[in-house]
1. Within 10 Å of each residue's Cβ, count the other Cβ atoms and sort A:6, B:133 from fewest upward.
2. Along its principal axes, what span do the Cα atoms of the protein assembly as shown show, with the longest given first and each in whole Å?
3. Averaged over every viewing direction, what's the projected area of the C-alpha convex hull for segment B:20-112? Give it in nm², one decimal, please.
4. Taking +1 at the Cβ of each Lys and Arg and -1 at the Cβ of each Asp and Glu, which of A:203, A:126, B:179 sits farthest along the dipole of the protein assembly as shown towards its positive end, judged by Cα position relative to the Cα centre?
5. Using a 10 Å cut-off around each Cβ, can you sort B:39, A:91, B:96 from fewest to most neighbouring Cβ atoms?
6. Take the Cα coordinates of segment B:2-222, assign each an equal point scatterer, and use the Debye formula without solvent to give log10 I(q)/I(0) at q = 0.08 Å⁻¹.
7. Mind jotting down a quarter of the surface of the convex hull over the alpha carbons of segment B:36-76, in square nanometres, one decimal?
8. When the Kirkwood hydrodynamic radius is evaluated over all pairs of different C-alpha atoms of segment A:170-212, what value in angstrom, to one decimal, is obtained?
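Every read-out reported here was derived from the displayed coordinates using simple, explicitly stated rules and does not represent laboratory data. Here the structure is a predicted model, which is why all the values come from computation and not from measurement. Note that each Cβ is placed from the backbone with ideal geometry, even for glycine, and that neighbours are counted across all protein chains shown.
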Amino acid sequence: MLKLSHVSRHFGGLQVLQDVNFEVPQGGIFGLIGPNGAGKTTVVNLITGLLPPTAGQIEFEGQSLVGTPPYRITQRGIARTFQNIRIFKDMSLLENVVVGMHSRLGYGPLDWLRRSPRFRADEARSRERARELLSWMKLEHKADEVADGLSYGEQRKLELARALATEPRLLLLDEPVAGMNSVEKTELMVEIEAIRQRGYTIFMIEHDMRFVMGLCEQIAVLNFGRIIAQGRPEQIRNDPQVIEAYLGRDDDEPAAAAAVEARA
Amino acid sequence: MESFESFWSIYSNLVLTVGTNALLALSIWLTLSCGLLAMANGAFMGIGAYTAALLTMNVPGEHFALSLAGGITAPMLVALLIGTPTLRLSGVYLAMATLAFGEVVRIAIINTESITGGALGLNGIPPLTQWWHVAGALLLALLGLAALRRSKVGRAFQAIKLDETAAGLMGINVNAHKLSAFVLGAGLAGLAGALNAHLTFFIGPSEYGFDRGVEILTMTILGGIDGLTGPVAGALIITLLPELLRSLKDFRTVVNGLILVVIVLFLPKGLWDPARLRRLFSRRPAAVRG
């Protein structure tokens, strides 16, 4: 469904991603994990068009996404959430979600100027759908409250509901449980599993291992901008390279010495 | 009835200026509502005023409808041209670029003497604007903008104002929406200019300079940008305050300025702030109960 081939991204002399290849299959939950600074968020920014790749190809359902502006990528069926939550704080929960339906509302200026039947029907339908999405996230009782007043965990759920409002086929979650306590994490795990069962494909970035291992069918591991392993959770758990990336290795000193030599 | 007639003969010009100023305040409200600080509305008003006045004076038969249409369209076309490059800028940089554009327009008017009369201005514009032209224009503008606010376009403007990146990822074409707010605002400002030119008999380039731009912004910020009531209220106050303070003679402008400073200090979100009003009204019943 989503395919990255030989994708690289540099920021000046800093190589954040080097020759990244992976394919997210239709259906299911695909996880991309890796230590801090491995380049995970950059991958999501490249897919959603916020950054152009330096080299390589990104394809969604067989068509290239490179050079497409973010709003068109959303319209083609990819939605995302942010690691640092970006909801519209001054709007109500309902309005937040309805904004997500922007490009799915087909009425034109003549419709909203005259408040035509089509305008009324579309608006009513979008509000109804927004309430439904909020109820998936168990937030419907707060639909008319201002989003700023929500707790951290609720804001994440609102962001999820808003992303689903764009009618995506692929949902990108950038560290969905960052900053959450374990009760909130377990809750969100249930919600994400429920979303998957509704037929959405999910691509998730995370470094909470328990969360990823519990949810994902397929996992790719990113370290220093390269994919070092890919496979099913139990394969990843036992992969020596992955263990090294997360925990380091015993003979760190020779490696560090080699690195110093290489720099000199 | 007689007292109304004498009131109208003295104050009609003032009342109609409230109307055109309200249109101007609404014109900048459009760009502010999607988070853009564009200061070109004084210049757009000027382009509208000159286009409409020149059409009236040069096309035989004085077709006012044609003049108004020209006064709306010309600034919209100019906005379309300058909008694409300048709207990439944000914050004060956009304000600076649009202020510079205002200067360009003013100097262009001064230097095209054969058409615009240059620094001396245009004299003898037929006073074709009737009270119902102004009232009708304001009513239509308010109805149109109210409909816009309730539509997906209004929501998109608000989303862009709150978080541009997130708005883009909601499928909103951010640049196109900014440009349409800018162009529609230019049209409204041009309409205000066209109506105003046919009220005053004379227009000159100095009327559409920096001072005018700041005055338009002041009206809207003072009134509050969260809704359409704010800009209209702001226009009412900025237009009427100097008249109400006439008895103070020399101290008039001082007191005028002081009042504005006090309002901005104590009501930073403007006079019409729905959130504050809601709090005000919800606190009262609670006090009775408690």
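1. A:6, B:133
2. Largest to smallest, the principal-axis extents are 96, 65, 48 Å.
3. It is 6.4 nm².
4. A:126
5. B:96, A:91, B:39
6. -0.28
7. 2.7 nm²
8. For segment A:170-212, the Kirkwood estimate is 10.7 Å.
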